[in-house]
Amino acid sequence: MKGISRKPDDNVMHFCFEQTVPVARERVFGFFENPKRLEILHAGFPKIRLLHLEPQVRVGGELWVEVMFAGLIPMVLGFQHTLFEPPVRFGEVATHGLFSRFVHIHEFVVCDRSTVVRDVLEICLPWHYGGEAVVRHAVAPMIRRMFNERADALRRLAGNGALEAPQMSHDQ
């Protein structure tokens, strides 16, 4: 996994997380393209609750979640999918919430018989919510924990064959 970086000319925090799973790209992408699977990927991170989702990622599709910030403060975040290029990448931007910028691109890269799952995020808070200082000291640690726990979940799913199995229906 990689960390965060900051371009000197902006207050946008850039994150990049990578993980290699020993599963074909089409299977991994198929697993991720069902938003309901967020519950499986983030089962160890109980601070996320799905409020509204569509059965499959698509450009224009929306996802709404409730996230517990600092374990105490519920925040509702809305996202719209703006990119969908199966089985290579998809992405979303925040349309509701406290972020002035939140872009998340999921990439799936073939590497031998495995797939590199790469998540690239750009996050910015407006100054009245604390701006870069709050992103660096509060939001970034939460995002790192979330992606570390998701990496553990992906390892378990790949290890028990759940990512190799024929894709479940979108209801699962």
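Rule-based calculations on the coordinates, nothing more; no lab input. Computed from a prediction, not measured in an experiment: that's the story for all the values here. Note that we place each Cβ from the backbone using ideal geometry, even for glycine, and neighbour counts take in every protein chain shown.
Relative contact order, percent, of the chain when contacts are C-alpha pairs under 8 Å separated by at least 6 residues?
Numbers: 339 pairs, mean separation 45.1, N = 172.
Dividing the mean separation by the residue count of the chain yields 26 percent.
For the chain, the share of DSSP beta bridges that are antiparallel, to the nearest 5, is 100%.
Which is the longest run of the chain containing none of the trypsin sites (Lys or Arg not before Pro) found in DSSP loop states (not H, G, I, E, B) with at most 15 other C-beta atoms within 10 Å?
On the way: sites that count: K2, R58, R113.
No qualifying site falls inside 114-172, the longest such stretch.
Here the Karplus relation 6.51 cos²θ - 1.76 cosθ + 1.60, evaluated at θ = phi - 60°, turns the backbone of the stretch 73-88 into coupling constants of 10, x, 10, 9, 10, x, 10, 10, 6, 10, 9, 8, 10, x, x, 8 Hz, with x for every Gly and Pro. Once you sort the root eigenvalues of the Cα gyration tensor of the stretch 72-144 as a ≥ b ≥ c, which label holds: rounded (a/c under 1.5), prolate (a/b larger than b/c) or oblate (the other case)? Note, shape of the stretch 72-144 comes out prolate. Build a GNM of the chain with springs between Cα atoms under 10 Å apart, and of L50, L72, L83 the one that fluctuates most is L72. Applying 1/(1 + (r/R0)^6) with R0 = 35 Å to the Cβ-Cβ distance of C111 and L72 gives a FRET efficiency near 0.30. Helix 140-159 and the longest principal axis of the Cα set of the chain meet at an angle near 10°.
As a test of the formula, what do you get for the chain when each DSSP H run with n ≥ 4 contributes -39,500 (n - 2.57) and the sum is divided by the residue count, at 222 nm and rounded to the nearest 500 deg cm²/dmol? List each step's numbers first, then the result.
Details: 4 runs with 36 residues, N = 172.
The helix-only estimate for the chain comes to -6000 deg cm²/dmol at 222 nm.
Rounded, prolate or oblate for the stretch 4-159? Axes are the square roots of the Cα gyration tensor eigenvalues, ordered a ≥ b ≥ c, and the cut-off for rounded is a/c under 1.5.
Values: a/c = 1.57, a/b = 1.44, b/c = 1.09.
It comes out prolate by the Cα gyration axes.
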